[in-house]
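In what follows, a structure is listed as structure tokens, so that the remarks can point back to it.
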């Protein structure tokens, strides 16, 4: 066990030394890896910020139950009792026609026009907050309330939720497709990088195989090399996204002051950061493993490593 651990340690330190001995090649390799990871991660960040902003700006889905103009106090009370005992209703409040008219007058500024009306044209209403905000549950509650005595119209405000969810679903699909494409590109980049490493050490590898070295013994330093390059690329991608968010937030600060609202981009969460670094490391490891497996099979078949 001690020899196995010692070889892991030597493989790790040797890979770090090889990366340090070729700083320019390492820099370009890490830069290409970082850009390949930053693009889908950046799109994911955009979708996450859009989702957070849309959820903050969009109101909670509500159902407005408008009573008939001819509805009396008894009809109004019966509708209130139905809402009070309904399992799908989380909360509700009654808005009288006089209160609705006062709110309309305050919000529109059409005081003269409203005061010139001979009578209040607005009905009494209940504003309902449902327990379940899904489109199906909202539609079912709307259809049920429409059939209640004394109810003239029920308005369902769920279209915003459906549009938002459809847009976010398309965005998440685009992130998945882009991540798959760039993940394949990262594997190809690592594959070629390890291939070059194998070519520089081909005599050493062929001799090691002749004297009985296992494939795992030969493969281990190269796997560390690919994983470290992937990890460094992931760290660079995170730094690029962090810098972009900071720069954009600086510009958004002026916009926030103009609109009197806090407008700020959210950086990658700790969970997303860990996922980013883990995936980058795993892709680097996978590219290395594929490259080493292919070239070791050539050595075992008696074929020399070549360009």
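The values are calculated or read from the model by the stated rules, or taken from the named source; none is laboratory data. All of these numbers come straight from a predicted model, not from anything done at the bench. All Cβ positions, glycine included, derive from the backbone under ideal geometry; neighbour counts span all protein chains shown.
What the table below lists for this structure:
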read-out: Number of the condition not met by residue 144 [criteria: (1) touching a strand residue (DSSP E or B) at 6+ places or on another chain (Cβ under 7 Å); (2) surrounded by 13 or more Cβ atoms within 10 Å (Cβ to Cβ); (3) at pLDDT 85 or above; (4) under 26 Å from residue 166 (Cβ atoms)]; value: (1)
read-out: Number of the condition not met by residue 11 [criteria: (1) modelled with pLDDT of 75 or more; (2) surrounded by 17 or more Cβ atoms within 10 Å (Cβ to Cβ)]; value: (1)
read-out: Among (1) modelled with pLDDT under 85; (2) surrounded by 15 or more Cβ atoms within 10 Å (Cβ to Cβ); (3) more than 30 Å from residue 245 (Cβ to Cβ), the one test that residue 49 misses; value: (3)
read-out: Residue that is at pLDDT below 90 and within 20 Å of residue 73 (Cβ to Cβ), where the choices are 157, 124; value: 124
read-out: Qualifying position, being under 30 Å from residue 44 (Cα atoms), in a helix (DSSP H, G or I) and at pLDDT below 85, among 194, 218; value: 194
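So that you can scan it fast, the table gives a plain yes or no per residue for (1) part of a helix (DSSP H, G or I); (2) surrounded by 16 or more Cβ atoms within 10 Å (Cβ to Cβ); (3) at pLDDT below 90:
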residue	(1), (2), (3)
247	yes, no, yes
261	no, no, yes
275	yes, no, no
289	yes, yes, yes
